[in-house]
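Undergrad: Starting off with a structure, shown below.
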């Protein structure tokens with residue numbers, strides 16, 4: 001599943017093409033891709049989505065955690081200024097930029113034709129093989145702290161469907177002290193805490209394992225057993241893993257995660273723990289252990305990451 005770095009790579013790729021663009025046309029090929037779209041009682045979600053989005057002008061795309069949205073420009077006429085196009089990539093969702101005449105991409109569920117004053121006419125294809133992702137038009141609401149909603153945004157307004165999640169560690173308004181204090185109050189395993197989107201958003205299984213390995217913290221260590229320095233170091237390593245993953249275009253294990261140009265990321269080649277069960281630890285040479293965890297797996301080094 002795409003995690004924060006993968007979604008941020010997509011946001012950065014979309015930004016130059018969609019900021020200031022106008023939606024010239026919409027084609028919903030599979031209404032199942034609009035599972036999150038609230039059509040205000042309409043019995044035709046696809047038609048409602050098409051009508052409301054056609055003619056809209058886009059502001060700069062923003063992201064919090066794994067949610068990505070493009071606000072409808074407040075200066076645009078004919079569209080609700082309190083809405084945004086919200087995207088969640090699910091397990092296999094892709095947002096792809098294409099020329100109008102480009103060949104069709106596989107598994108395209110929704111297509112937008114956009115016109116940009118500098119870049120001309122482009123296509124934005126939402127492709128999703130497994131159909132766990134979605135697009136929606138969602139109402140914006142004021143952020144609870146009055147700060148900009150997320151990365152890439154200057155607006156203190158967030159889509160209602162993303163308002164429940166915490167800020168992510170790349171967000172300028174992320175509160176380090178609050179996170180550290182809350183983490184150290186928890187009796188649950190620290191890995192579970194990292195995956196709690198109400199505490200810190202955007203961290204999934206891959207990056208939790210990598211961050212814990214870098215911080216030398218066992219994934220089953222209760223949060224309350226971490227000292228302030230250890231908790232702060234873990235947060236530093238989460239940010240470091242994200243920064244490296246962003247620089248390397250995200251993590252791609254198959255063709256399902258790609259950037260807006262259809263290119264795979266290569267952070268998978270830099271993984272030290274995740275997916276390396278039975279292999280030697282790059283730090284100490286001991287075997288990386290793989291154990292079952294919440295219908296998934298945890299990967300860690302028992303020698304480097306001792307349980308506290």
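The values are calculated or read from the model by the stated rules, or taken from the named source; none is laboratory data. The structure presented is a predicted model; accordingly, all values stated were derived computationally and were not measured. Note that each Cβ is placed from the backbone with ideal geometry, even for glycine, and that neighbours are counted across all protein chains shown.
Undergrad: Given 95, 68, which one is in a strand (DSSP E or B), farther than 22 Å from residue 200 by Cα, in the same structural domain as residue 23 (by TED's automatic domain parsing) and at pLDDT 90 or above?
TA: That would be 95, the only listed residue that is in a strand (DSSP E or B), farther than 22 Å from residue 200 by Cα, in the same structural domain as residue 23 (by TED's automatic domain parsing) and at pLDDT 90 or above.
Undergrad: Still on this structure: Can you say whether residue 130 is in the same structural domain as residue 61 (by TED's automatic domain parsing), closer than 22 Å to residue 8 by Cα, surrounded by fewer than 24 Cβ atoms within 10 Å (Cβ to Cβ) and in contact with a strand residue (DSSP E or B) (Cβ under 7 Å, 6 or more places away or on another chain), as far as the supplied structure shows?
TA: In short, no.
Undergrad: So for region 229-248 (the condition being in contact with a helix residue (DSSP H, G or I) (Cβ under 9 Å, 6 or more places away or on another chain), surrounded by 15 or more Cβ atoms within 10 Å (Cβ to Cβ), modelled with pLDDT under 90 and not in a helix (DSSP H, G or I)), does at least one residue qualify?
TA: yes
Undergrad: Another question, then. For residue 42, which of the numbered conditions (1) at pLDDT 90 or above; (2) not in a helix (DSSP H, G or I) fails to hold?
TA: Of (1) at pLDDT 90 or above; (2) not in a helix (DSSP H, G or I), only one is false for residue 42: (1).
Undergrad: Would you tally the residues in region 283-306 being part of a loop (DSSP other than H, G, I, E, B) and touching a helix residue (DSSP H, G or I) at 6+ places or on another chain (Cβ under 9 Å)?
TA: Of the residues in region 283-306, 6 are part of a loop (DSSP other than H, G, I, E, B) and touching a helix residue (DSSP H, G or I) at 6+ places or on another chain (Cβ under 9 Å).
Undergrad: Name the residue, out of 55, 78, that is at pLDDT 95 or above, over 18 Å from residue 159 (Cβ atoms), assigned by TED's automatic domain parsing to the domain that holds residue 151 and in a loop (DSSP other than H, G, I, E, B).
TA: After applying the criteria, what remains is 55.
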